[in-house]
Amino acid sequence: MLKDNQKFIGRAGLFYYFYTDNTEPDIEMGLVLHKPHWNNGFATELVTALIDWGFKNLSVNKFNRTYHHR
């Protein structure tokens, strides 16, 4: 959401994947922004905050991500 007017512009989150073979879990990061809000630094701000929060609050040492351009 935009701070000034609380307008919804996208979503972001971390997805925790556990495996049955007891290997280290994977953390995947995802985000979607409405196109009018691209190139404004929002994705950088979101990714930085997610990584910071994830390392502080989850017991993992890496993140995975995929990229889908539309």
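Odds and ends about this structure:
- For the stretch 1-54, residues that are among the aliphatic types (A, V, I, L, M) and either out of contact with any strand residue (DSSP E or B) (no Cβ under 8 Å at 6 or more places or on another chain) or assigned to a loop (DSSP other than H, G, I, E, B) (or both) total 4.
- For beta carbons closer than 7 Å, sequence separation of 6+ or different chains, a first residue in the stretch 14-26 that is closer than 22 Å to Ala43 by Cβ and surrounded by 11 or more Cβ atoms within 10 Å (Cβ to Cβ) and a second that is at pLDDT below 75 and not basic (Lys, Arg), the qualifying pairs are Tyr16/Pro25; Asp26/Asn64.
The values are calculated or read from the model by the stated rules, or taken from the named source; none is laboratory data. On a predicted model such as this, the values are computed, not experimentally measured, just so you know. Because the Cβ atoms are built from the backbone with ideal geometry, glycine has one as well, and the counts that use them run over all protein chains shown.
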